[in-house]
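Below is one structure, written out as structure tokens, with a few remarks after it.
The values are calculated or read from the model by the stated rules, or taken from the named source; none is laboratory data. Predicted model only: the values in this text are computed from it and were never measured. Counting neighbours? That spans all protein chains shown, and the Cβs are built from the backbone with ideal geometry, glycine included. Heads up: the accessible areas ignore ligands, DNA and RNA and are worked out on the full protein's heavy atoms, side chains in. Shrake-Rupley method; radii C 1.70, N 1.55, O 1.52, S 1.80 Å.
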Amino acid sequence: MNPPIEYRVSVILLICACLLVASCHRSKPQATKRYPFTGRIVSIDAQAQSATIDGDLIQHFMEPMVMTYTFKPASTLRQLSPGDSISAEVVVVDHDPRDENADSDYWLENVKVTGHAAQPPAAAPKAFHMPAPGEEVPDLAFTNQDGKHISLSQFRGNVLLVTFIYTRCPFPEFCPRMSRNFAEIYKQVESNPSLARTQLLSVSFDPEHDTPKVLRDYGFSVAHTHDASLFRHWQFVAPKAADLPKIADFFALTVKPEGGMITHNLSTTVIGPDGKIVKWYHGGDWQVSDLIKDAAGASAPGSSSAL
């Protein structure tokens, strides 16, 4: 027996209403926010069409921070030089909250130069040395999460992925994002044969606070495990305070303590089995798949970085 016509019409109307609501939900625009912005140009990457900027406090959004920004329109970048002071609007597009893996997007608009440096700082080229493919990495020394002294030369024969963090970093798109990405790579190290010779190194630039115990607890936290076998492939280290400027200089890392926090940029490097740079990423826009591809390529037989 067929259901009454009124029942069938009601069901059809209900289905249409659900589809309409779902369609509206899918097409809901992402939230866009704008904030007044001021800062100083630190360096310009013409190839990536971006600039590293020492930004001032952004009320209700971000503490003073050195970050990499893109521009809209991109042609704005041609008007800028290192040392310029600028004003602008930072535009932030929040990711869809239903997509846990999506990241917020941001850029600068309405950029105006408000001042020029009298002359570039004499130390600027050295302070912002950019790691280049084929460049040999110095044999830098650290203390790891077990209180043991290690150096980069110990990783020869392996592909080494290096990123910089400090455990107290409160900004999700900075150190926590780097650690989340490394945690994803770590999951694949043992299961992916092409990563069998890959090691991860998270370097803290906060040696006074990030003691071996703090680093050990942090490692367990970000890797979501308490199994000490974690540290066979992923170590958490800190240098001596006196060595930090040399390390920061080589890896183009900006570190500036301010009011109990540290203003910094992001720097991630792929080092080949021969101890030479394969790829360097300035900022945090790289994806997990990028580093996995770099690491697999660097350890492949016949690779210029493979031993």
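Report yes if some residue within segment 203-212 is free of Cβ contacts under 8 Å to residues at least 40 places away in the same chain and among the hydrophobic types (A, V, I, L, M, F, W, C); otherwise report no.
No - not one qualifying residue is present in segment 203-212.
What pairs come up if the first residue lies in segment 278-307 and is within 25 Å of Thr52 (Cβ to Cβ) and modelled with pLDDT under 80, the second is open to solvent by 30 Å² or more (accessible area, probe 1.4 Å) and not β-branched (Val, Ile, Thr), and their beta carbons are under 9 Å apart, counting only those six or more places apart or on different chains?
Short answer, once both residue conditions are applied: Asp285/Ala48; Asp285/Asp103.
Determine which single condition Glu63 fails, assuming it passes every other condition in (1) modelled with pLDDT of 85 or more; (2) touching a Leu at 6+ places or on another chain (Cβ under 7 Å); (3) closer than 21 Å to Lys256 by Cα.
(1)
Just checking, which of Glu136, Glu109, Glu89 is under 30 Å from Gly275 (Cα atoms), more than 21 Å from the chain's Cα centre (by Cα) and modelled with pLDDT of 85 or more?
Result: Glu136 is the single residue among Glu136, Glu109, Glu89 that is under 30 Å from Gly275 (Cα atoms), more than 21 Å from the chain's Cα centre (by Cα) and modelled with pLDDT of 85 or more.
Here is a check on your reading of the model: is His95 open to solvent by 40 Å² or more (accessible area, probe 1.4 Å), part of a loop (DSSP other than H, G, I, E, B), at pLDDT below 85 and of a type outside the set (S, T, N, Q)?
Against the criterion (open to solvent by 40 Å² or more (accessible area, probe 1.4 Å), part of a loop (DSSP other than H, G, I, E, B), at pLDDT below 85 and of a type outside the set (S, T, N, Q)), His95 qualifies.
Return yes when Tyr186 is within 19 Å of the chain's Cα centre (by Cα) and within 27 Å of Gly297 (Cα to Cα) and no when it is not.
yes
Take Phe182 and tell me if it is in contact (Cβ under 8 Å) with a residue 24 or more places away in the chain, closer than 21 Å to His224 by Cα and open to solvent by less than 40 Å² (accessible area, probe 1.4 Å).
Yes.
Take the residues in segment 232-256 that are under 14 Å from Leu200 (Cα atoms) and open to solvent by 20 Å² or more (accessible area, probe 1.4 Å); name whichever of them is modelled with the highest pLDDT.
Only one residue tops the list, namely Gln235.
Go through (1) modelled with pLDDT of 60 or more; (2) open to solvent by 50 Å² or more (accessible area, probe 1.4 Å) for Lys126 and report which single condition fails.
(1)
Looking only at segment 32-69, count every residue that is within 18 Å of His129 (Cβ to Cβ) and without any contact (Cβ under 8 Å) to a residue 60 or more places away in the chain and tell me the total.
5
Would you call Val270 closer than 22 Å to Met130 by Cα, open to solvent by less than 10 Å² (accessible area, probe 1.4 Å), in contact with a helix residue (DSSP H, G or I) (Cβ under 7 Å, 6 or more places away or on another chain) and touching a residue at least 24 places away in the same chain (Cβ under 8 Å)?
Considered against the rule, which asks whether it is closer than 22 Å to Met130 by Cα, open to solvent by less than 10 Å² (accessible area, probe 1.4 Å), in contact with a helix residue (DSSP H, G or I) (Cβ under 7 Å, 6 or more places away or on another chain) and touching a residue at least 24 places away in the same chain (Cβ under 8 Å), Val270 comes out as yes.
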